[in-house]
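Laboratory data are not the source of any read-out in this text; all were calculated from the coordinates shown. Just so we're clear, the structure is a prediction, and the values are computed from it rather than from any experiment. We place every Cβ from the backbone using ideal geometry, glycine too, and count neighbours over all the protein chains shown.
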Amino acid sequence: MKFISLFLVGLLCTATVISAVEINSRQFISMNTSSSHSKVPATLSNVAVEFSINVPAMAAAFKSSYSNITLTEFPISKTETATLYLTPSHSVIDTRSEFYAGSKRIGLPDVISYKGAIEGEPNSKVLLNYANGDLVGSIRRENGERLTVSPYGSSKTDERTHTVAPGASIEQITNRPLFKCGTDESVSNVDIPPASVRKDKSAAEILSTKPLEVEIIVETTTGFFTGPGRNDEDKAGAYVVALYNMVSLIYEEEMNMTYHINKVQIWTVDDPDNYEFSGATTGHNDSLLTEVVERWRGRSIQRDLVNVLSRPGASRILGIARGIGGICNNTDGSLSAYAVCGISNYGEVPTFAYDDEVATIAHENGHVFGAKHTHNCDWKPPLDSCTTKTGSFNDNFFSGDACNEGTPIYNTGSIMSYCHLWGRGLPMTFLPRVYNFLRNEMEGKSCLKEPGTSLVRVQLPRGNQVLKSGLDTVIHWTASSDIQKVRIEFSSDEGVTWETVPGGDNVDAKQGSRDYGQGTIPWKVPAANTKKGLIRVSNQVDGSVFGTCLAPFSIESTVLTIQNPLGGETFGQSEKPEVQWKSSLVNNVKIELSTDGGGSWTTAGSAAATGTFSLELPRIETNSAMVRVSDASNNNLVSQSGKFSIGKEWVGLRTPHGGDTVCASQPFTIAWYTNNIGLSTSKVRIYYSTDNGTSWSNVTNVVGAEARAGTYTWSGTKIASTSALVKIVYKADTSVSSMSQKVFTISSKTPCTPVGVDEQTQDIHFATMSISPNPISSQGTATVEFPAPCARIECSLVDTKGALVAVLGSYENLSIGKHELSFDISNVASGSYFLTLSCGGQRVSAPLTILR
């Protein structure tokens, strides 16, 4: 038994597709955003998206052409819409199928199925069925959220109410009880080899290359018919097809086996099923199974398997199969291909639990084909521990067929597990161990044959993904055994034009690594920037039989560009500059540092391609440091910076000077010089003393002031002093500091006139300046930009204490804009200085290092 929502994790490509038709869902969907006009109960409308579907418009959209559909603005939550990439899915019915309501034969249901994914969510799964005017399906988002798309009620008008609701919410609203599987695993002639000796089918070991088809009869009880949205023979038949279309997809993807419905028998209220144990109060699916076997075992109607869809049952047995491995045996009462599956009957919320029902059917038929529960000891060892032989949880559920004892331990689980009882969702897979075993069992069954029609299905590349140009990948497909040769083509314009891929003509349909009739060839992704890529695999001798990808894929070139540092910067040895880059189609990067202009490189670290990296600098001085970033998986993709400098940080106090006077009642500027400090995140802390350095107090808070700013406005202290000092300390390295050379005065007199401290302070609005080269040995150029004209500029060189070293020249009548001013320091000794430009009462300074 399975009732938890599961969803297909597999085929994202299919056959009979040429190019996508874009359809806006608002052509047939009208959203209901008003609670006062809601047609569903408040318990459902609180969690579900409610909308009305115009049936003729939806039919035109889904049935106008059997081709790929790009469905835009489809509701996926109460606040979100999305674009869905959809492609037609294989149908379990054809002209050979027969449908009966009671004793009356009825027409085939009008059902078209589409599978696909949500744009931007590559790992999402979508299956939508146009089913006789209703929209039925399931959506599993990339974040694991599962949604059910369902009609509300049984309307057959042209305007029908539908909802998209979280599956978990539906279960809570309906208070659905937890059911178990009633299949008896103790009577079985199936031998499961231990994991230590088994050999799974792989590319190298192939037991068969043919797809298989199971022919099934589906009988539905009166209890099924009276369920939500099914009390009409057309609707009941359409829902059966919608359920088995998805079940077939699950088996097709993992076992290369499709379902074909030979007959559907629908029992109605007027023409009831006449089973004793199928009623609402008398329903017992274990007893019902015995009745089913007795009814069908003597009938000669062609089938491999009989499924009966009934109500969940009063005995808490949701599903039950007639033993293990009964496929292809329709005469033995204990080992026959029969299963009863309970289908929900929500009276208070008449909507479907579509993916729950699919999971139940897939699970019970798994027993029929030979699989036991994955907690059974016969898997040697068991494949999950979600239930044990003696432990209990969730209303005292435990399983006598479990291998382990004690307290159950949750793991992810699979279709054949009881992990759904934990209420945490479940992936739609049989697990490789299980589906390899099942496929092996099917190989020896005489009743399972190849499908009656030719099939080609492309499995890789998947649609709705981005491929790197130049990537070595594969094209992977499945072909029925009647197809001997295939042609493989690529389109960059969504199927308008096609070109054969290299080596893609007259290819053995089973070439390369293959499993269950699948073929593979290597493919190097071409250098074609496109968002409309498709692969087509077709029968070499009959091009009308072909398959293409679910949706267009994109091809992009890999990009890696360093953005910081770029070169020309100066950093201190204690600083950690952020290395930043831009990348596309790169997963991880390696960061390297050179201190000799690229002559040698050392690895600094690695990071995710979407991140940044904090670079730790060595304790050296150099003007030739460089950083490079490369693709961790491809050293040929690299980007590097220009040269930048690393040096020992330095700070020098500029004001207040010794002998200055500041007023305790007025703010004044503390100013300093810096050198080899390049980051805005580098801080200094400022202290003051009123007793000639005996004790110190903070001017700045614990964070400090930006070192590069060079100034800090302080309101001063209320304490008058004639022995005041100021000290600047570099926060990252407290050995780097500067202090007033002599004391200054803090005056509390009224009136108070400051002396010295406000004269010729640097004005950041006066001009901006850079120096090249720096460090320098003789001649240099100062590039300065003025926001206003200056009649006369004086250029001078001062030492780190602010003392004048040399007057380098003067310049007349400088206009607004950028100017280059040349200077010569050939006669100045090596060391650290400041180049200062003064105009009137304003000036701008920049650090300058002389090296020879």
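Couple of notes before you dig in:
- Packing, taken as the mean count of other beta carbons within 10 Å per residue, orders the peptides 813-824, 780-791 from highest to lowest as 780-791, 813-824.
- Counting only aspartates and glutamates at least 8 places from Lys125 when in the same chain, those with an alpha carbon closer than 13 Å to its own are Glu142, Glu145, Asp355.
- Evaluating kT/(6 pi eta Rh) at 37 °C and 0.692 mPa s, with the Kirkwood radius of the range 768-850 over Cα pairs in the Stokes-Einstein relation, gives 256 µm² s⁻¹.
- Between Ala829 and Thr500, residue separation times 0.36 nm minus the direct Cα-Cα distance comes to 111.1 nm.
- Here Lys818 is the anchor, and the lysines within straight C-alpha reach of less than 28 Å, apart from those fewer than 8 places off in the same chain, are Lys643.
- Ignoring aspartates and glutamates fewer than eight residues from Lys648 along the same chain, the ones with Cα atoms less than 20 angstrom from its Cα are Glu569, Glu575, Glu578, Asp596, Glu616, Glu621, Glu706, Asp733, Asp799.
- Violating pairs (Cα-Cα greater than 25 angstrom) within the set Lys78/Lys235; Lys235/Lys449; Lys468/Lys582: Lys78/Lys235; Lys235/Lys449
- Expected-Rg normalisation [2.2 N^0.38 Å, Cα atoms] applied to the range 564-644: 1.03
- A full extension of the chain between Met739 and Thr72 corresponds to an added length of 233.3 nm, given 0.36 nm per residue minus the alpha carbon distance.
- Its residue count N fixes a reference of 2.2 N^0.38 Å for the range 648-693, and the Cα radius of gyration divided by that reference is 1.39.
- Residue-by-residue Karplus 3J(HN,Hα) for the range 565-573, coefficients 6.51, -1.76, 1.60, Hz, glycine and proline x: x, 9, x, x, 6, 10, 10, x, 5
- The range 649-747 - Rg and Dmax from Cα coordinates, angstrom: 12.7, 37
- When Glu812, Glu357, Glu80 are sorted by how many other C-beta atoms sit within 10 angstrom of their C-beta, beginning with the fewest, the order is Glu812, Glu80, Glu357.
- Using the Cβ-Cβ distance between Gln640 and Tyr811 with R0 = 41 Å, the FRET efficiency computed as 1/(1 + (r/R0)^6) comes to roughly 0.60.
- Ordering 90-100, 722-732 by mean Cβ neighbour count within 10 Å, with the highest value first, yields 722-732, 90-100.
- Charged side chains reduced to their Cβ positions (Lys and Arg at +1, Asp and Glu at -1) give the range 768-850 a dipole of some 160 debye around its Cα centre.
- Estimated inter-spin distance, Thr783 and Ser481, nm [label 7 Å along Cα→Cβ]: 7.6 nm
- Along the range 729-739 the Karplus relation, 6.51 cos²θ - 1.76 cosθ + 1.60 evaluated at θ = phi - 60°, assigns HN-Hα couplings of 10, 6, 5, 6, 8, 5, 6, 8, 7, 8, 9 Hz to successive residues, with x for each Gly and Pro.
- With a Förster radius of 30 Å applied to the beta-carbon distance between Asn701 and Cys752, the computed FRET efficiency rounds to 0.70.
- Ordered by the number of other Cβ atoms lying within 10 Å of each residue's own Cβ, fewest first, His37, His162 fall into the sequence His37, His162.
- If R0 equals 56 Å, the separation of the Cβ atoms of Asp799 and Ser469 corresponds to a calculated FRET efficiency of about 0.45.
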